[in-house]
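The values are calculated or read from the model by the stated rules, or taken from the named source; none is laboratory data. Everything quoted here is computed from the prediction, not taken from an experiment. Please note: Cβ atoms are built from the backbone with ideal geometry, for glycine as well, and neighbour counts cover all protein chains shown. For the accessible areas, the whole protein counts, side chains as well, though only heavy atoms, and no ligand, DNA or RNA atoms are used. Shrake-Rupley method; radii C 1.70, N 1.55, O 1.52, S 1.80 Å.
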Amino acid sequence: MLPVEESISSINRNDILKLGVSAGLNASDLSEKSDKLSVQSRSVKSVDDETSSLLMIESGNMAKEKWKSDCVNIRSNGKNEQTKRENAEHRLSILSIVYNPTAHPTSYLNTLINMLKGNVGCGILAMGDAFKNGGLFLSPILTCIIGIICVYNQHVLVQCSKSVKEKLKLQHNPQFAETVELSFQSGPQRFQSYSVFFRNSVNSFIVITQLGFCCVYILFVSKSIQQVLSWYNIQLDVHVSILISMVPIMISSLIRSLKFIARLSAVANICMLVGLVVILYYCTIDLPPLSSRSAIAHWTTIPLFFGTSIFSFEGISLVLPLEQEMKKPKQFSTPFGVLNVGMVIVTSFIVLTGFMGYLKFGDAVRGSLTLNLPEEFLLSKVVISSMMFGIICTYTLQFYVPVEILWPKVEQKFGPFRSPLLWETGLRVILVLITFIAADVIPHLSLFISMMGAVASTFLALIFPPLCHMAVTSADDGGNGYGVFSWRLVMNCVTLVLGALGFVTGTYASVYEIIGAFQKVVVTAAAVTNSTSVNNYTTALEAH
């Protein structure tokens, strides 16, 4: 076993998570601990368990070999030893997929494919409904503008990560939350006191966003179950279909092996891609004239368009890991690099899907284009079934992220536990129930997508990156890094204003529409009750 001061030099944080979220390690604490260790020449045995485990995680092969020996050498002489063995096996299962020295560096093409997989998800199927709220000709323009701003912010995030790494001479590549924290720590005095707050804010919004994705997936699966069963003359209430969908999703959420989850994700990607291609093909059949659709929607529905479109650009958390895993990271941010080329393809897919979906179905377009597929279409059942399976698998992957963020905090606050596996399983069950309750309370797919985009995705994609850039640039050269005529500062301010405006108006419009949808349900139920009462009264009179 190498001493800690030797292992620190080989730390590589981006090996711990490929899902685009921060591992939550405070870099300043790590730096302070490493300085003390180098002076006192202490070994791993004298370091607290949490710090040593983090160091082992980030030292790659050393950790892998260490945990292999843990799995072999630990004997089950009691509950504590059994717990240690299970934890060692779990950490080893994570490393087996996360750290692979031979497969770690990715080529330009592989990184591009990973970027497309990370951005093309459930949100793209809702773009038909988004175009209904924006208009057939206004929506493509607004989508391209939002796409350009998102790409700019992704470039800003990459630049900030490199800046803080060079400035603080870090041996690892900081991820999203740590980049935000270190940007404020290394910024002007007025920014430094907010560094921990913003790190926690990023992690909180990542958890909210990922659980929001899970809620959307639940609604997608439940609506699809309703649709398929209706073709067999079986009418289900939406709450019942949500309850039915809980069974496979709950089982999949208990999977702890990231290696197995990655395999499910590969299957999910194939299902989603095949389904999307078939849906686009169906949307090209018997198209109505362009004049039959609204060119520009009413201004009151445009905030709903904004929330859904921001939700569809869901891959900002993947930007830093993808860039750091490349064989030639410089190919990521060049004019024809992975980021620009990938986002052009993603934006084109989003515009094409939204345009064709709204043109084909008009105002009848649903929160997911799969819900508009008719029974008589030959491939409808195959497409819906395959996409349901793909979404369930994707739920497992998205659900892994908030668990990895929240579990260490739960363990730190309430631990140590005699049965960590039991407690982690309890946490997973609670989080799944929370997503199901949220989906059951708001069983409107399109409105839920719009609200999650306005509330959480806006902060991650439009608010945090420009704030980081302003903090780092102000600290580095007195603001001279903003370019000619301070165009970068202007772009940051425009992005912040757009993000704030989109957050306020999008959240308000989504909540307003959700309340309106509930009121319609109440009015309809009251009307049905009154109609039943009148019919019963009439029947009673006729009987007399």
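Heavy-atom accessible surface of L421, to the nearest 10 Å², is about 70 Å², with a 1.4 Å probe and all protein chains retained. Once backbone amide H atoms are built at 1.01 Å from N, T106 has M326, K327 as its partners under 5 Å, excluding neighbours fewer than 5 places away on the same chain.
Per residue, segment 285-395 exposes an accessible area of 41 Å² to a 1.4 Å probe, with every protein chain left in place.
Which of the pairs K169/K327; K259/K409; K259/K330; K165/K330; K162/K328 have their Cα atoms more than 18 Å apart in this structure? Each step should come with its number before you reach the end.
Details: K169/K327 21 Å; K259/K409 23 Å; K259/K330 29 Å; K165/K330 16 Å; K162/K328 15 Å.
Cα-Cα > 18 Å for K169/K327; K259/K409; K259/K330; rest within.
Annotation for segment 227-261: chymotrypsin sites (Phe, Trp or Tyr not before Pro) lying in DSSP loop with at most 13 further Cβ atoms inside 10 Å of their Cβ are W231, Y232. The accessible area of Y512, taken with all protein chains in place and a 1.4 Å probe, comes to roughly 140 Å². Of the GluC sites (Glu not before Pro) found in segment 284-393, those in coil by DSSP whose Cβ has at most 12 other Cβ atoms within 10 Å are E375, E376.
If you rank S257, S245 by how much accessible surface each has, with a 1.4 Å probe, what is the order from largest down?
Numbers: S257 40, S245 0 Å².
Ranked list, largest accessible area first: S257, S245.
Remark on G135: its backbone amide H falls under 5 Å from those of A297, a criterion applied only to residues 5 or more positions apart or on other chains, H modelled at 1.01 Å from N.
For D286, the accessible surface of its heavy atoms amounts to roughly 130 Å² (probe 1.4 Å, protein chains only, rounded to the nearest 10).
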